[in-house]
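Undergrad: My questions will all concern the structure given below.
FYI, it's all coordinate maths here, none of it is from the lab. Remember, it's a predicted structure, so these values are computed and weren't measured experimentally. Glycine also receives a Cβ, built like all others from the backbone with ideal geometry; neighbour counts cover every protein chain displayed.
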Amino acid sequence: MKLKIKKGDTVQVVSGAEKGKKGKVLAVEPTVLKIKVEGVKVMTHFDKKDGLKTAEGFIPYAKVKLVEKSGGEKKKPAKKKASAKNA
């Protein structure tokens with residue numbers, strides 16, 4: 001399955017506990033439809049050797065919307081339907 005969101009794009013969370021947060025996409029898992037976004041779903045893990053670590057977790061692809069492509073181009077606005085008056 002081909003996804004519209006790719007690594008490096010900027011997205012906004014539209015539902016859930018992190019609603020409204022924006023961030024850069026760090027990783028994409030297309031087989032399970034999940035993405036990792038910078039600053040969203042930050043989890044902590046204690047390791048005896050390294051101590052307390054923080055890392056982002058994966059969130060469902062359906063809970064985000066694309067704000068800006070990685071090339072700097074904004075998302076194109078929806079096309080308007082042609083009216084029937086020109087018949």
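Undergrad: Near Lys7, which aspartates and glutamates are there with a Cα under 13 Å away, not counting those fewer than 8 places off in the same chain?
TA: Within reach: Glu29, Glu38, Glu68.
Undergrad: Something else: Just how large is the dipole of the chain about the Cα centre, in debye to the nearest 20, putting +1 at every Lys and Arg Cβ and -1 at every Asp and Glu Cβ? It would help to have the intermediate numbers written out before the result.
TA: On the way: 24 positive and 9 negative charges, 134 e Å.
Here the size comes out at about 640 debye.
Undergrad: What's the ranking of 36-49, 5-18 by average number of surrounding C-beta atoms within 10 Å, highest first?
TA: On the way: 36-49: 12.5, 5-18: 16.0.
Put in order of decreasing packing, that is 5-18, 36-49.
Undergrad: Moving on. Less than 12 Å Cβ to Cβ from Leu3, Lys/Arg counted +1 and Asp/Glu -1: what total charge do the surrounding residues give? It would help to have the intermediate numbers written out before the result.
TA: Numbers: positive: Lys2, Lys4, Lys6, Lys7, Lys34; negative: Asp9, Glu29.
Cβ neighbours under 12 Å give a net charge of +3.
Undergrad: Suppose the chain between Ala27 and Asp50 were pulled fully straight at 0.36 nm per residue; how much longer would it get relative to their current alpha carbon spacing?
TA: Working: separation 23, 0.36 × 23 = 8.28 nm, distance 2.35 nm.
Additional length available on full extension: 5.9 nm.
Undergrad: Something else now. What do you get when you divide the Cα radius of gyration of the stretch 1-77 by 2.2 N^0.38 Å, with N the number of residues?
TA: Details: Rg = 13.7 Å, N = 77, 2.2 N^0.38 = 11.5 Å.
Taking N as the residue count of the stretch 1-77, the ratio is 1.19.
Undergrad: Check which residues have an amide H placed less than 5 Å from Lys34's amide H, if you skip close sequence neighbours.
TA: When sequence neighbours closer than 5 places are left aside, the close amide H contacts are Glu29, Tyr61.
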